[in-house]
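Have a look at the structure below, then the notes.
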Amino acid sequence: MVVYIFVTGGVLSGLGKGVATASIAKMLQFRGFKVTAAKVDPYINFDAGTLRPTEHGEVWVTEDGGEIDQDLGHYERFLDLNLSKSHNITTGQVFYEVIMKERSGEYLGQTVQPIPHVTDEIKRRYRCVADNMDFALIEIGGTVGDYENVLFLEAARQMKFDGEKVLFVHVSYVPVPPHLGEAKTKPTQHSVARLRELGILPDFVVCRSEEPLDEVRKKKIALFSNVKEEYVISDPNLENIYELPLVFEKQKLGDKILKKLHMSSRTPKFEKWREFIEKVKKLNDSVKIAIVGKYFDTGRFKLPDSYISVIEAVKHACWYSSVKPDIKFIDAKTFEKNIANLFTLKKFNGVIVPGGFGSFGVEGKITAIKYVRENNIPYLGLCFGMQLAIVEFARNVCGLKGAHTTEVDPDTPHPVVDLLPWQKKLIEKHKYGATMRLGGQRVKIKPNTLAYKLYGKTEVVERFRHRYEINPEYVDVLEKNGIVFSGTTPDGKIMQIAELSGHIFMVSSQFHPEFTSRPLRPNPLFKGFVEACISNKLNASQWQKAKKL
Ligand code: GLN
């Protein structure tokens, strides 16, 4: 019988509940269980596809084309699994289903109500996720006490009541207010009390905090939460999030979960994972990488979550090559305000322009790309970063004045990047939801290219999320001037990877290689980019000298 572990959140959003969920799942995977993880997003949006990245962080794309909350990325990275879009459940999907059923008379004249009809639909989706598994971790987004996740919590409560194997893990926050210098447990006490009002008693309380939780606080939380002290688990800030499964192992959380379920214990196998964590701890040398983007700001604060998979993919590749990543975010607008700011790019061993939409900051990105091309700084362009690299090259090398993507300038004299033909109709009809070219697609790799050297095969599957493409009419002129389209669709019609011959590393892809990067298996394009950054670091002084001669 499958075990459901529901992970709820208390006090704050953005606590790292996704990482905690992935880490618990990982511990069970260490023990040889078949494990999966799913995320409930209580918003009304059908999926995350139409959400701006500054709302909930980056949009993660699954192999089957789902556009989902960034937590799915943590699950896939930690568990090294490809999850399907059914692993994301939103209020929008649930209500849509219930209303469609009602419209087609499936409720046979009943009054359709939140309980039981909506909760039944939620339970159906929970069970669908858990099909064929030993454990299904289900993270309920938002915070206990929010209106919007109540029905999801209620459905989970009913499942326990129905006799299914269910555990509740409550991830809460234990702040240390600077003026007190003491960890305070009251917010956690209150959030567990809110959970109890909903009929849910947590089996474990996982406490997020800056420092490891001490015994005094553990005792207090145990007493007020009605859980044994040994079931209060510390989840302190870590330099490397991938260490969390081991931090939990140290507290025997995996064994305690099995004990609570009256299941026999199993020896966890985590040598490889531990070796990887130990290796990362010992690294000294670093490479400096700039991410030139725009989805950083929310009010006065910066939000790296918009590019979380890019950051993680850089880390994976750096660790693989035994260097530490030193990542800085640069707002593309700074290059528009003052061109002299471009010189700051000299300090970096490599530059990434990640995915993006719309015109804001575009000219800044294009000038940055021109600078790295002319100064032989390694460059990795991701989706929009590829399209803008082509725009820059068309304008400044091919002499196509005013070249642009029609996404930004519909009247450009040289539409080097244009809508995929089948996208035109969708845009005219304002059909924006889940209509991009999405998910895993086959990419044909041209032999004798850098991409071939990196991937080592002639066909790969990578994940896409775009509406525009390199205009086939301009492929010839771009190639004549030095661009090598080393990846295409299997029929050769859509350009998927572009590289520049003669440059230290100027590679960009129409897909998002960050979605297939895993901690122990970096994506080949990121790996190649980081290797180029390392050689750039080593050769930077020679290169500068050569330029002066
Ligand atoms: N806006 C571009 C497109 O839709 C790029 C998208 C992206 O970077 N994911 O094609």
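The values are calculated or read from the model by the stated rules, or taken from the named source; none is laboratory data. A quick note: this is a predicted structure, and the numbers were derived from the prediction, not measured. So basically every Cβ, Gly included, is an ideal-geometry build from the backbone, and we count neighbours across all protein chains shown. To get the accessible areas, we keep the full protein, side chains included, count just its heavy atoms, and leave off ligands, DNA and RNA. Shrake-Rupley method; radii C 1.70, N 1.55, O 1.52, S 1.80 Å.
The table for this structure:
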{"quantity": "Count of residues meeting criterion [more than 20 Å from residue 158 (Cα to Cα), assigned to a helix (DSSP H, G or I) and among the charged types (D, E, K, R)] in the range 98-121", "calculated": "3"}
{"quantity": "Residues being open to solvent by 10 Å² or more (accessible area, probe 1.4 Å) and small (Gly, Ala, Ser) - total across the range 1-16", "calculated": "3"}
{"quantity": "Top-ranked residue in the range 452-476 [being surrounded by 16 or more Cβ atoms within 10 Å (Cβ to Cβ) and within 21 Å of residue 505 (Cα to Cα); ranked as nearest to the ligand (Cβ to nearest atom)]", "calculated": "470"}
{"quantity": "Filter result for residue 500 (away from the ligand (no atom under 16 Å from the Cβ) and free of Cβ contacts under 8 Å to residues at least 60 places away in the same chain)", "calculated": "no"}
{"quantity": "Flag if residue 479 is away from the ligand (no atom under 15 Å from the Cβ) and under 18 Å from residue 417 (Cβ atoms)", "calculated": "yes"}
{"quantity": "The range 389-403: number of residues that are farther than 22 Å from residue 507 by Cβ and either part of a helix (DSSP H, G or I) or within 13 Å of the ligand (Cβ to nearest atom) (or both)", "calculated": "0"}
{"quantity": "Residue list for the range 215-262, restricted to those being in contact with a strand residue (DSSP E or B) (Cβ under 9 Å, 6 or more places away or on another chain), surrounded by fewer than 20 Cβ atoms within 10 Å (Cβ to Cβ) and among the acidic types (Asp, Glu)", "calculated": "none"}
{"quantity": "Qualifying positions in the range 415-432 - open to solvent by less than 50 Å² (accessible area, probe 1.4 Å) and part of a loop (DSSP other than H, G, I, E, B)", "calculated": "420"}
{"quantity": "Positions within the range 72-103 being among the acidic types (Asp, Glu) and under 21 Å from the mean Cα position of the chain (by Cα), in sequence order", "calculated": "76, 80"}
{"quantity": "Residue 442 in a strand (DSSP E or B), surrounded by 20 or more Cβ atoms within 10 Å (Cβ to Cβ) and modelled with pLDDT of 95 or more", "calculated": "no"}
{"quantity": "Number of positions in the range 105-150 that are open to solvent by 40 Å² or more (accessible area, probe 1.4 Å), hydrophobic (A, V, I, L, M, F, W, C) and out of contact with any strand residue (DSSP E or B) (no Cβ under 7 Å at 6 or more places or on another chain)", "calculated": "5"}
{"quantity": "Tally, over the range 423-444, of residues that are farther than 23 Å from residue 60 by Cα and within 16 Å of the ligand (Cβ to nearest atom)", "calculated": "3"}
{"quantity": "One residue from 413, 447 being touching a residue at least 12 places away in the same chain (Cβ under 8 Å), over 26 Å from the mean Cα position of the chain (by Cα) and away from the ligand (no atom under 13 Å from the Cβ)", "calculated": "413"}
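Results for (1) hydrophobic (A, V, I, L, M, F, W, C); (2) open to solvent by less than 10 Å² (accessible area, probe 1.4 Å); (3) touching a Cys at 6+ places or on another chain (Cβ under 6 Å), shown as yes or no for each residue.
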| position | (1), (2), (3) |
| --- | --- |
| 47 | no, no, no |
| 50 | no, no, no |
| 58 | no, no, no |
| 64 | no, no, no |
| 68 | yes, yes, no |
| 78 | yes, yes, no |
| 81 | yes, no, no |
